[in-house]
Amino acid sequence: MKKMMYGVLAVLLMAACRTSNITTSWKAAGVPATKFSKILVLGIIREADRSIQENMENHFVGDLKELGYNAVSSLKEFGPRAFNDMTEEQAVAKLKNSGIDAVITIVLLDKQRERRYVPGRLNYSPYTYKSNKLWGYRAVMYNRIYEPGYYITDTRYFWESNLYEMNSQKLLYSVQTQSFDPANSESMGHEYGKMIVKNMVTQGLLVKQ
């Protein structure tokens, strides 16, 4: 019984620590798992969030490599402004000449800040305190309801990733996610990469090499 309780607690703690989740995903019909020669992870994120882009790309690359794929970060492979002044034809040619046969994008669609009020003693429910004496109960509850609360700011990130095959330039897969108040961009990138790679494996797009 105790082992079962500990197991349930562990699952709940893992869920509580997870800040990202998939909201929708799509896969093109009839696409088998493919052993791509070289996958480019391309972050499309504004320059002000460059550190976020670096972490998102690097962790995604690492997760693809763990699966056995050859993957590279766009920042490390080409730099931050490599495609800015190129036409579509020039950019595609540059990618193909570099041996890249698949591109997965990471786009930060939106970032929202939410300010919310946290009541005093948030972690304590009035139903958890029991007393056989009225005045003891009254004193505890009185202090709780008059303890001042405070405001905190949460940040919610909305992401989209697409997988394109370079020869045909067709969209093979698309996924939308949200990350709620991550500890930092490092932990968000770590969580995001593992989550999307796992989903692509589940969808049958990637297989362990």
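The values are calculated or read from the model by the stated rules, or taken from the named source; none is laboratory data. Keep in mind it's a predicted model, so treat the numbers as computed, not measured. All Cβ positions, glycine included, derive from the backbone under ideal geometry; neighbour counts span all protein chains shown.
Miscellaneous remarks
- Index of the failed condition, residue 208 passing every other in (1) at pLDDT below 90; (2) under 30 Å from residue 65 (Cα atoms); (3) surrounded by 11 or more Cβ atoms within 10 Å (Cβ to Cβ): (3)
- Extreme residue, modelled with the lowest pLDDT, among residues of the stretch 161-181 that are more than 17 Å from residue 39 (Cα to Cα) and surrounded by fewer than 19 Cβ atoms within 10 Å (Cβ to Cβ): 181
- Cβ-Cβ distances below 7 Å connect the following pairs, each with a first residue in the stretch 59-73 that is on the phi < 0 side of the Ramachandran plot, a second residue that is surrounded by fewer than 16 Cβ atoms within 10 Å (Cβ to Cβ) and of a type outside the set (D, E, K, R), and a separation of six or more residues or different chains: 67/209; 69/209; 70/37.
- Listed here are the helices (runs of 4 or more DSSP H) enclosed by the stretch 1-118 that have at least 3 residues being within 22 Å of residue 188 (Cα to Cα), outside the structural domain of residue 171 (by TED's automatic domain parsing) and modelled with pLDDT under 95: 2-17.
- Search result, residues across the stretch 148-192 that are acidic (Asp, Glu) and closer than 26 Å to residue 88 by Cα: 160, 165
- Filtering 197, 201 for residues that are surrounded by fewer than 20 Cβ atoms within 10 Å (Cβ to Cβ) and either out of contact with any Phe, Trp or Tyr (no Cβ under 8 Å at 6 or more places or on another chain) or part of a helix (DSSP H, G or I) (or both) leaves a single hit, 201.
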